[in-house]
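One structure below.
Laboratory data are not the source of any read-out in this text; all were calculated from the coordinates shown. The shown structure was predicted, so the numbers you read here are calculated from the model rather than taken from an experiment. Here the Cβ positions follow ideal geometry from the backbone for every residue, glycine too, while neighbour counts run over all protein chains shown.
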Amino acid sequence: MYGEDRNIRLFVGLGLVILLMFIVIFLIINHGSDKGKVAETKEPLTSYVDNSNVTITQTIVGPIRAAEKHFQGEISVTNTATTATRISGYDGNVTDSRSYAMTQAGFSEFLHALNTAGFTLGNTDEGLKNDEGFCPTGRRYIYTIREGANVVQRFWVTSCGGTRTYKGSLNLTITLFKAQVPDYSRLMSGTGL
């Protein structure tokens, strides 16, 4: 009787050790797959307030359709101006563009709000840099920080869900950019953007 009880305890103990090993291996693999890929820009977003060479941009790319029905919308914000552009087709044909004054104080508030939205958080995996073809029936949102000709950050997300590199709050980010353009609805009327 004593031998059977000992064998059962040994069997249960060995089973628990094996189960624990599988759990640890699973956690290491899943945690390690994103480790090192999710990054934040080196400089805090608010450090760009006084830099007149920095442009913060949201580009919305509409569904893949015939060129006559394909639209993009772009909002670019600097410490002196906000520019909203409506683009038709796939060749960058600008059909409307409007500019609005921006102050450093306004830009500072905008950057602080984007920081709250997680604007600088994203997946830096080289294999996900190209967003083309993702979400062909929905919208792609591309978020960049440029300093002159240098792209400091470029992340993207889609309205379809799934694969993305942008890890910030999409709804808050969209709202913040649209709020910089007083007549956004009129500018993008008929585009679905």
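Observations on the model:
- In segment 108-138, the GluC sites (Glu not before Pro) that fall in loop regions by DSSP, at most 12 other Cβ within 10 Å: GLU132
- Amide H within-cut-off set for GLN153, under 5 Å, with H built and near neighbours excluded: ILE145
- Cubic angstrom per residue, convex hull over Cα atoms of segment 99-169: 122
- Positive dipole terminus of segment 134-193, leading residue within TYR143, MET188, PHE177 (C-beta point charges): TYR143
- Cα gyration tensor, segment 153-193 - rounded (a/c under 1.5), prolate or oblate: prolate
- Using θ = phi - 60° in the Karplus curve 6.51 cos²θ - 1.76 cosθ + 1.60, the 3J(HN,Hα) couplings for segment 95-106 round to 9, 6, 8, 9, 10, 9, 5, 10, 9, 5, 5, x Hz; x is entered for Gly and Pro.
- Sorted by Cβ neighbour density within 10 Å, fewest at the top, the residues TYR90, TYR184, TYR166: TYR90, TYR184, TYR166
- Estimated dipole of segment 52-193 in Debye, rounded to 20 [Cβ of Lys and Arg +1, of Asp and Glu -1, Cα centre]: 260
- At 1.002 mPa s and 20 °C, Stokes diffusion of segment 134-176 via Kirkwood alpha-carbon radius, µm² per second: 191
- Tail fraction, Cα-Cα pairs, segment 40-187, threshold 19 Å, whole percent: 52
- Charge dipole of segment 40-187 about the Cα centre (unit charges at C-beta), most positive-ward option of CYS160, THR103, GLN58: CYS160
- Residue separation of VAL49 and ARG186 scaled by 0.36 nm, minus their Cα-Cα distance, works out to 46.4 nm of gained length.
- 3J(HN,Hα) couplings calculated from phi for segment 157-168 with the Karplus curve 6.51 cos²θ - 1.76 cosθ + 1.60 (θ = phi - 60°) are, in sequence order, 8, 10, 6, 8, x, x, 4, 6, 10, 6, 10, x Hz; Gly and Pro show x.
- Once the C-beta distance of THR103 and LEU172 is scaled by a Förster radius of 25 Å, the resulting FRET efficiency is 0.70 to the nearest 0.05.
- Projected label points at ARG9 and GLU132, each 7 Å from Cα along the beta carbon direction, are separated by 6.7 nanometres.
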